[in-house]
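Presented below is the structure to which this report refers.
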Amino acid sequence: MKTLFEISKSGLRSAERSLSVTSNNIINADTPGYTRQRVDKESVGMRMTGFHAGLGVNITSITRMRNEMTDVVLNEKRQDMGFLQEQSNVFEQLETSMASDAGGDLDMRIGRVFDLFSELSSDPQDMSVRNSLLTEADQLTSKLGDITRNVDRTSDLVQESASSTIENINQILSDLDTLNSAITKGESSGKPDLASLDLQVKKLEELSGMVDFESQVTEKGSLELRIGGVLVLDEDKASSMRGEIDDVNKTFNVRLDSGKLIEPSGGKLGADLEMYESKIPGIKERLDEVASTLVNEFNTIHSQGFGLEDGTSRNFFDPSLTDASNIKVSDTIRANVGHIAASSIDGEAGNGNIAGQLSDLRNEAIIGGRKMVDYSVDLISTPGRNLSEIRSSLEVRDSEISMLTAQQEREAGVNVDEELSMMIQYQNAYQGAARVMSAAQQMYDTLIGLTR
Amino acid sequence: MRITQKILFGNFMRDINRNRSELATVQSDLSSGKRVRIPSQGPTEFERSRIIEENIRKEEQYQRNITGGLRQGRMAQEALDETTDRLIDIKRIITEGANGSADASVRENMAEEVAGIRDSLVYTLNQSYGDRYLFAGTNSAEEPFVYDGVGPGGVTNNSNDTPPQVSVADGVNLDISITGTELRDTDSGDLFEVIGNIEQALRDNDADALSGMIDSVDDSIENVTTLTSRLGNNINRMDYVFEQYESTKIAQKSDVSELVDTDYAEAFSEMQRIQVAFDSAMAVHSTMFGNSLLDYL
């Protein structure tokens, strides 16, 4: 008889507990990283003489409904996504500084200089042609300078971005370390810390956008992380990393506080490092090659010719400045455009042979096996070409991630309608248990009434 | 399968964003008229179009060279026609002067006339275009003909024998004038010397010598007309090349247009398609999200 109270009490407790879990699910329906929870119950009973009697319900545990495998795959995709996204951001910046839809890009500037040499070869005595030639050559050199400065600026920004990403990673690693101790504590006491586990999911998701890592959970429930094969987080401690930057040689090393070097190759950090160490310097190298080729090829021919003023041979570009950042038309020519050498023979004002040879350079494969203008078109299209490749991979990644997210969401996400219907179910269960108690009460009352 | 609100909302946002970005692309394609404006929108098309544009730019420069060349060539041609006319005048004078009826004073007058013609020839052949003397060869900063009584026939030659050129195509240069040296070099010796001799014969009242000089004048006239027609050939060739550039330019510009310009029909139908998708996404979204058990509790 007394068991009736025990049964109804266990029913009330179970309904109450279930209701609180469901409520928590509804409230956290859109909390990032939250995993829906379920109450696991089993019926309690005991063997009596001759029969088996039920003694109510027992809550065994509260479970997180989450597929850890999906998380691992998802984070791998996110590392890739973070990598591609950062690369696409940087290439976008580079593209903006190298090519525009308004014209006046490097290819056109080079073409215009050739144009004016062609014009000069046909009209070597015209001072206005000479003046325009100087203007165009100045525009070309300042264009090269502008591009270089913009590319340098992008390189600086990438370096800053890498440094701040490292800060963020350190922060997350230390957060994960704190979570690790909470989780292992919960695990050892047999009461898993579900909130910390959810937070861990969220932190790992954040981390996966920033850097590539491998994760592993130990028997005690603590998380171990490795970046580039090097342990950065374990049960005991989280390492912190720092960047070692050599801006002259464009190297960026990531060193742990233990002194070990790590080589991140994915996520935002991996992308920043690759851009900073190889892609951006690669573009600068090609810009410098354009500048030095211009200086050498033009000077070689120009110095064989003669201007209008005297029999002295001169260079067209300042031969000591051969980088894209500093290329410049030589000062003597800037001071007097009459010194521009059009003629192959001293004193022949109407001779345009040298100017003709200079303009013919546009048809010769003098740089990287290509013509000057073709090469610069290729150069200014490089960021855009990379960008368009990355964008198509980004789309693929994006749809993969959204599929995986949906998969995980199916498992771990909260369906409010479902929870609401469960809420009603638990309410009913509670009412039922209460009714059992009230029935038991009446039975006792009847029994006690007999003795009056 | 469990479908949570988050999945629905996530899918909706993703589709809407994709629609919006597609719509933005079509919008800028239509409003700018260009499909490929920067390399990332079509690297291959961008590169090809820029390389064709470089070719167009180069050919337009050749066209400008030709325009300048034609102007100078035509001026030179006029000066040569003038020269031929003047030489014919001289021939007329010789024929009259060789006639027995002329006397010494008539011939003296004729000599003066010839001297005048020589002066006007010097003037005509010192024709310049801008700073450039057309008949000076490449030594065109100096007057090619100077009447100083020193050179042959009293006229010094400052011209050299390399004619001025314009470049009209890759590796093709055309002479836009003829040199003073060529002009003077007739089969009967130096042009001005021939004229000088005629003047001298007239002053000497030497009818016999005069009649022997008709051939020399003929040679001079022939020399000038030969050179004129050679120049004429070059002018025709420049005209022809110019026209050729005009027609290849049209072809090349349409190539560029095909590579980078917006196909309006396609863009508009694309816009319609996205619009429909966009509208349906919105409509289905507002219906879907109204469905909640909350309404029935």
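The values are calculated or read from the model by the stated rules, or taken from the named source; none is laboratory data. Everything numeric in this text was worked out from a predicted model, so none of it was measured. Virtual Cβ from ideal backbone geometry, glycine too; neighbours counted across all protein chains shown. Ligands, DNA and RNA are stripped out before the accessible areas are found, and what is left, the full protein with its side chains, is counted by its heavy atoms. Shrake-Rupley method; radii C 1.70, N 1.55, O 1.52, S 1.80 Å.
Between beta-carbons, use under 14 Å as the cut-off and find the net charge around B:Leu8, counting Lys and Arg +1, Asp and Glu -1. Net local charge, B:Leu8 excluded: -1. Simple point charges give the picture: +1 on the Cβ of Lys and Arg, -1 on the Cβ of Asp and Glu, and for the protein assembly as shown a dipole about the Cα centre of about 6700 debye. The string of couplings for the stretch A:277-288 from the Karplus curve (6.51, -1.76, 1.60, θ = phi - 60°) is 8, 10, 5, 5, x, x, 5, 5, 4, 5, 4, 5 Hz, one whole number per residue in order, with x for Gly and Pro. Positive end of the dipole of chain A (Cβ unit charges, origin at the Cα centre): among A:Gly243, A:Gln85, A:Leu204, the Cα lying farthest that way belongs to A:Leu204. Its Cα gyration tensor gives the stretch A:248-381 an equivalent ellipsoid, and the semi-axes of that ellipsoid, as √(5λ) in whole Å with the largest first, are 44, 16, 9.
Here the Karplus relation 6.51 cos²θ - 1.76 cosθ + 1.60, evaluated at θ = phi - 60°, turns the backbone of the stretch A:264-274 into coupling constants of x, 10, x, x, 4, 4, x, 5, 4, 5, 5 Hz, with x for every Gly and Pro. Remark on A:Lys41: its backbone amide H falls under 5 Å from those of A:Thr60, a criterion applied only to residues 5 or more positions apart or on other chains, H modelled at 1.01 Å from N. Taking the charge dipole of the stretch B:27-135 about its Cα centre, with +1 at Lys and Arg Cβ atoms and -1 at Asp and Glu Cβ atoms, the residue from B:Ile66, B:Ser128, B:Ile88 reaching farthest to the positive side is B:Ile66. The amide H of B:Arg35, built 1.01 Å from its N in the peptide plane, has B:Asp261, B:Thr262 as neighbours under 5 Å, considering only residues 5 or more places off or on other chains. Using the alpha-carbon positions of the stretch A:37-123, Rg (one decimal) and Dmax (whole number) come out as 36.5, 123 Å.
Taking amide hydrogens as placed 1.01 Å from N in the peptide plane, the amide H of B:Val146 sits under 5 Å from those of B:Thr156, B:Asn158, each at least 5 positions away in sequence or on another chain. Over chain A, DSSP H runs of length four or greater, each weighted -39,500 (n - 2.57), average out per residue to a 222 nm ellipticity of -21500 deg cm²/dmol. Quick one: helix A:2-27 against the long Cα principal axis of chain A, what's the angle to the nearest 10°, folded into 0 to 90? Computed tilt is about 20 degrees. Would you mind counting up the charge near B:Thr226? Only other residues with Cβ under 11 Å from its Cβ, with Lys and Arg at +1 and Asp and Glu at -1. Summing Lys/Arg as +1 and Asp/Glu as -1 gives -3.
For the chain pair B and A, the interface hides roughly 4200 square angstrom of accessible area in total, found with a 1.4 Å probe. Each residue of the stretch B:7-22 was assigned a 3J(HN,Hα) from its phi angle through the Karplus expression (A = 6.51, B = -1.76, C = 1.60, θ = phi - 60°), giving 4, 4, 5, x, 4, 4, 4, 5, 5, 4, 4, 5, 4, 5, 6, 5 Hz with x at Gly and Pro.
Among the GluC sites (Glu not before Pro) within the stretch A:289-333, those in coil by DSSP and having at most 16 neighbouring Cβ atoms inside 10 Å are A:Glu309. The simple spin-label model puts a point 7 Å past each Cα toward its Cβ; for B:Ser105 and B:Glu243 those points are separated by 5.9 nm. Per residue of A:403-415, other chain Cβ atoms within 10 Å of the residue Cβ number 4 on average. When +1 charges are put on Lys and Arg Cβ atoms and -1 charges on Asp and Glu Cβ atoms, the dipole computed for the stretch B:18-109 relative to its Cα centre reaches about 860 debye. The residue among A:Val230, A:Leu420, B:Leu202 whose Cα reaches farthest toward the positive pole of the charge dipole of the protein assembly as shown, with charges on the beta-carbon of Lys, Arg, Asp and Glu, is A:Leu420. Remark: spin-label model distance B:Met75-A:Asn253 equals 7.1 nm, labels positioned 7 Å along the Cα→Cβ axis.
Residue-normalised convex hull volume from the C-alpha trace of the protein assembly as shown: 193 Å³ per residue.
Sorting the segments A:372-385, A:203-216 by their residues' average number of neighbouring beta-carbon atoms within 10 angstrom, most packed first, yields A:372-385, A:203-216.
Under a model in which nothing but the beta-carbon of Lys, Arg (+1) and Asp, Glu (-1) is charged, chain B shows a dipole of about 3080 debye around its Cα centre.
Kirkwood-type hydrodynamic radius, the stretch B:1-159: 23.1 Å, calculated from all non-identical alpha-carbon pairs.
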